[in-house]
Structure formats: C-alpha cells, structure tokens
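For reference, the structure discussed in these notes is given below.
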Amino acid sequence: MNVTQTIKSLDLYKGVPRSAKETMAGLVHLPRMIDKARAFRNGKLGEYIFPCPLDQRVLIFLKTSPEDFLDLAEVYDDEQMAEWALETSRSRNQIDRDIVNDKILDGKPDAESLPDFIKQRNRIDPARTDVTTWVDLIDLEEGRRRSAGAEKVEL
C-alpha cells in the first residue's frame, strides 16, 4: 500500500461524518470512524469525539490503538483502510463481526443515560419515539431522517 499520499478530510465544523450504519470490511461504524479520525488529525473534529465509545468497540475488534488508527486514516484512502481492516481482522469470523455490529447498532441508553437520551431526541423531533438506539439518535441529529432499524449500507 502506498502510504505517502495525503488524504482529504471532512471539516466536521461544517458537515457530518458518514452514518454509523454504513459498513466497510463488514464492520458498521468504520467509515464514520475514519471520517472522524481524519478530521481529528486536521483539527476539524468540531464537537465530535474521537475515540468515542462506539469507536472504542471497533478499535478493540481490530486490536489497534486510537493513535495507530489515526496514523493509518491520515495516509490510507477508504479502499486501503478496508483492505487493512480485513487483513487485521482475518482471524475473526462472521459471528465475531456480527456481535460487534449488533452491539453498535442495537446499543440503547441504560437507566442512567435514558433521561438525557429522551431529552435530546425530543429536542430534535418529539414525534420520533421510534428512535431508541444511540445510532438512530445520531442519525436523527445529523439529519438522516430514516426510520429506526434502517438497513446497513456497505461501502
């Protein structure tokens, strides 16, 4: 892989990263994580967090550190990142991928965070009581108004 290229990053002060429902190398959230990592490295992360708890799940699955991930996302394009993720996780089977994907996609607020979750959802759109997971709330907040449980999009 060519690691001397410079990859353009999003300005997350002005835009949003890809949905956590989008997949790459069979993993949900990976494209979003790449967007945030590139923005972080370029000082354009805005109010986003890298690594957030969802990022941590993917990092653990890939057995890599946030710092190493940042280094790769800065120089690898999306295709190279997908190749790297597949190679890095080749010892994992589809069941392992499904488990991490389900934990990300089906993650709901616990008793402690539920009041804040409901407050945030109602601030955006009180009619959207179908939004019950963190990923759906993120999509709603970022203007993706699909119904909850929308299908994953493979990149």
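One line per residue, one yes/no per condition, for (1) modelled with pLDDT of 95 or more; (2) among the aromatic types (Phe, Trp, Tyr); (3) touching a helix residue (DSSP H, G or I) at 6+ places or on another chain (Cβ under 7 Å):
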residue	(1), (2), (3)
GLN56	yes, no, no
ARG90	no, no, no
PRO109	yes, no, yes
ASP116	yes, no, no
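What's the total number of residues in segment 64-97 that are charged (D, E, K, R) and touching a residue at least 24 places away in the same chain (Cβ under 8 Å)? If you could, list the steps in order and put the result at the bottom.
First, the residues of segment 64-97 that are charged (D, E, K, R): 67-68, 71, 74, 77-79, 83, 87, 90, 92, 96-97.
Going one step further and asking which of them are touching a residue at least 24 places away in the same chain (Cβ under 8 Å), we end up with 74, 77-78, 83, 92, 96-97.
Of the residues in segment 64-97, 7 are charged (D, E, K, R) and touching a residue at least 24 places away in the same chain (Cβ under 8 Å).
Specify which of the listed residues (ALA39, ALA82, ALA20) is at pLDDT 95 or above, touching a Ser or Thr at 6+ places or on another chain (Cβ under 6 Å) and surrounded by 17 or more Cβ atoms within 10 Å (Cβ to Cβ). Reasoning before the result, please.
Working: ALA82 fails: touching a Ser or Thr at 6+ places or on another chain (Cβ under 6 Å); ALA20 fails: touching a Ser or Thr at 6+ places or on another chain (Cβ under 6 Å).
Exactly one of ALA39, ALA82, ALA20 is at pLDDT 95 or above, touching a Ser or Thr at 6+ places or on another chain (Cβ under 6 Å) and surrounded by 17 or more Cβ atoms within 10 Å (Cβ to Cβ), namely ALA39.
Close Cβ contacts (under 8 Å, 6 or more residues apart or on different chains) running from residues in segment 21-40 that are under 14 Å from ARG57 (Cα atoms) to residues that are aromatic (Phe, Trp, Tyr) and in a helix (DSSP H, G or I) comprise LEU27/PHE61; MET33/PHE69. From the list PHE50, PHE61, the lone residue that is closer than 26 Å to ASP136 by Cα, at pLDDT 95 or above and part of a helix (DSSP H, G or I) is PHE61.
Which pairs do you get when a residue that is touching a residue at least 12 places away in the same chain (Cβ under 8 Å) and more than 18 Å from CYS52 (Cβ to Cβ), found in segment 126-139, comes within reach of a residue that is basic (Lys, Arg) and surrounded by fewer than 17 Cβ atoms within 10 Å (Cβ to Cβ), reach meaning Cβ atoms under 6 angstrom, with the pair 6+ apart or on two chains? Sorted first by the residue in segment 126-139, then by its partner, the pairs are THR132/LYS108.
Residue check: is ILE104 in contact with a strand residue (DSSP E or B) (Cβ under 7 Å, 6 or more places away or on another chain), at pLDDT 95 or above, under 25 Å from PHE40 (Cα atoms) and surrounded by 15 or more Cβ atoms within 10 Å (Cβ to Cβ)? So ILE104 fits the description; yes.
The values are calculated or read from the model by the stated rules, or taken from the named source; none is laboratory data. Source: prediction; values computed, not measured. Cβ coordinates were reconstructed from backbone atoms using ideal geometry, including for glycine residues, and neighbour counts include every protein chain displayed.
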